Amino acid sequence: MTLASATVRSGRHGPPGNRTDARPDRGAGTWFLVLPALIPILVLSVGPLLYGIALAFTDAQSGRTRSTQWTGTLNFQDLLHDGLFWESFRIGLVWAVGVTVPQFVLALGLALLLNENLRMRWLARALAIIPWAMPEVVVGIMWRLVYNPDAGILNETIRDLGLGDGRDWLTGLATALPAVILVGVWSGMPQTTVALLAGLQNTPHELHEAAALDGAGAWRRFRTVTWPAIRPVALSITALNFIWNFNSFALVYVLTNGGPGGRTRLPMLFAYEEAFRYGQFGYAAAMGCVMVAVISVILAVYLAGRLRGGDDR
């Protein structure tokens, strides 16, 4: 046997670790496939975010002839002493918690009901997601008609039942925020219901049957079987709902425009007014940075809790 043939044979039949990998490099092809989805994210999300952060350190204002100067942390220093902004921040937290908690409780009850073997269950599921399919502007206009003090269905019902003459729900200082929270719960409940219903349907039915044979009642079956199965879904959808509600804009803008007297002025509404009503783009960008920082902290706490609790197991 010649030396060349021995070398070829040893290379062909040698250990796998000594073989030369002839597969082509797929890195360029992978990036080529990812780019169509990556470019819109960079252009429409990452780019504006970075631009907004840079804008927060300037005195940018409306007007084509105005020059923009670098001011460092001056906008953030002003925010620390801006009582109106922190009041809107407090209202935003009240709104986010006031919408997210009832939203989850009612959606959980509805999901448990829709998971039962009911007659015409398919129709009930279809009707349950109708509010989710409606744009927030349409929802706001519809509920403004419901809350109308003169011809709204709510006040008409109160009058027909002899409970009084009704009231102007959206302009009352004591009723504006609760009325808006009710609309937020109604409009956002379907997506929570769908997520929880998906978690319920992934729960093995045999576990419920085994618990029932052991004598477990409905509450015990929920606590020991149902809740552990849907807990990861519940935590995820609750965190996402809180973030979404805290950043809410269109629904409250259509319903009250932040009134009366700023009782429903959420942080996003406050930033919008500073930017597009008063032309303080730099100051509004600083508000946006603060809100992004708060949301990031909430996400970090949530993820840390998930990792400690072992929800992914």
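Kindly provide the set of residues from the stretch 169-185 that are open to solvent by 70 Å² or more (accessible area, probe 1.4 Å), under 13 Å from Gly259 (Cβ atoms) and aliphatic (A, V, I, L, M), ordered by number. So that I can check it myself, show each step before the final result.
Applying the first criterion (open to solvent by 70 Å² or more (accessible area, probe 1.4 Å)) to the stretch 169-185 yields 171, 173-174, 178, 182.
Those still in the list that are under 13 Å from Gly259 (Cβ atoms) too: 171, 173.
The one that is open to solvent by 70 Å² or more (accessible area, probe 1.4 Å), under 13 Å from Gly259 (Cβ atoms) and aliphatic (A, V, I, L, M): Leu173.
Which of the helices (runs of 4 or more DSSP H) contained wholly in the stretch 202-309 include at least 3 residues that are surrounded by 14 or more Cβ atoms within 10 Å (Cβ to Cβ), out of contact with any Asp or Glu (no Cβ under 6 Å at 6 or more places or on another chain) and among the polar types (S, T, N, Q)? Spell out how you get there, then give the answer.
Values: elements: 205-213, 218-221, 227-246, 250-255, 267-276, 281-309.
So the answer is 227-246.
From the list Thr226, Thr264, Thr238, which one is over 30 Å from Leu145 (Cα atoms) and of a type in the set (Val, Ile, Thr)? Before the answer, list the steps.
Numbers: Thr264 fails: over 30 Å from Leu145 (Cα atoms); Thr238 fails: over 30 Å from Leu145 (Cα atoms).
Unique residue meeting the criteria: Thr226.
Looking only at residues in the stretch 113-147 that are more than 19 Å from Gly184 (Cβ to Cβ) and not in a helix (DSSP H, G or I), which one is least open to solvent (accessible area, probe 1.4 Å)? Give the derivation first.
Narrowing the stretch 113-147 to residues more than 19 Å from Gly184 (Cβ to Cβ): 113-127.
Right, trim to not in a helix (DSSP H, G or I) and you get 115-120.
Working: Asn115: 54, Glu116: 103, Asn117: 143, Leu118: 80, Arg119: 218, Met120: 104 Å².
Selected residue: Asn115.
Filter the stretch 160-198 for residues that are in contact (Cβ under 8 Å) with a residue 12 or more places away in the chain, part of a helix (DSSP H, G or I) and farther than 17 Å from Val139 by Cα and give the result.
Those that are in contact (Cβ under 8 Å) with a residue 12 or more places away in the chain, part of a helix (DSSP H, G or I) and farther than 17 Å from Val139 by Cα: Thr192, Thr193, Val194, Ala195, Leu196, Leu197, Ala198.
So the check is Cβ under 9 Å with 6+ separation or different chains; which pairs have a first residue in the stretch 289-305 that's on the phi < 0 side of the Ramachandran plot and a second one that's surrounded by fewer than 14 Cβ atoms within 10 Å (Cβ to Cβ) and not acidic (Asp, Glu)?
Within 9 Å, the pairs are Val292/Leu49.
Can you tell me which of Leu110, Leu50, Leu79 is modelled with pLDDT of 85 or more, part of a helix (DSSP H, G or I) and either touching a Ser or Thr at 6+ places or on another chain (Cβ under 7 Å) or loosely packed, with under 10 Cβ neighbours inside 10 Å (or both)? I'd like the intermediate steps shown before the answer.
Numbers: Leu50 fails: either touching a Ser or Thr at 6+ places or on another chain (Cβ under 7 Å) or loosely packed, with under 10 Cβ neighbours inside 10 Å (or both); Leu79 fails: either touching a Ser or Thr at 6+ places or on another chain (Cβ under 7 Å) or loosely packed, with under 10 Cβ neighbours inside 10 Å (or both).
Result: Leu110 is the single residue among Leu110, Leu50, Leu79 that is modelled with pLDDT of 85 or more, part of a helix (DSSP H, G or I) and either touching a Ser or Thr at 6+ places or on another chain (Cβ under 7 Å) or loosely packed, with under 10 Cβ neighbours inside 10 Å (or both).
Considering the stretch 148-168 alone, what residues qualify as being exposed (fewer than 11 other Cβ atoms within 10 Å of the Cβ) and closer than 21 Å to Thr264 by Cα?
Within the stretch 148-168, the first condition is being exposed (fewer than 11 other Cβ atoms within 10 Å of the Cβ), and the residues that meet it are 150-151, 160-165.
Within the stretch 148-168, no residue meets the criteria.
The values are calculated or read from the model by the stated rules, or taken from the named source; none is laboratory data. Since we're looking at a predicted model, the values are computed, not measured. Note: ideal-geometry Cβ built from the backbone for every residue, glycine included; neighbour counts use all protein chains shown. For the accessible areas, the whole protein counts, side chains as well, though only heavy atoms, and no ligand, DNA or RNA atoms are used. Shrake-Rupley method; radii C 1.70, N 1.55, O 1.52, S 1.80 Å.
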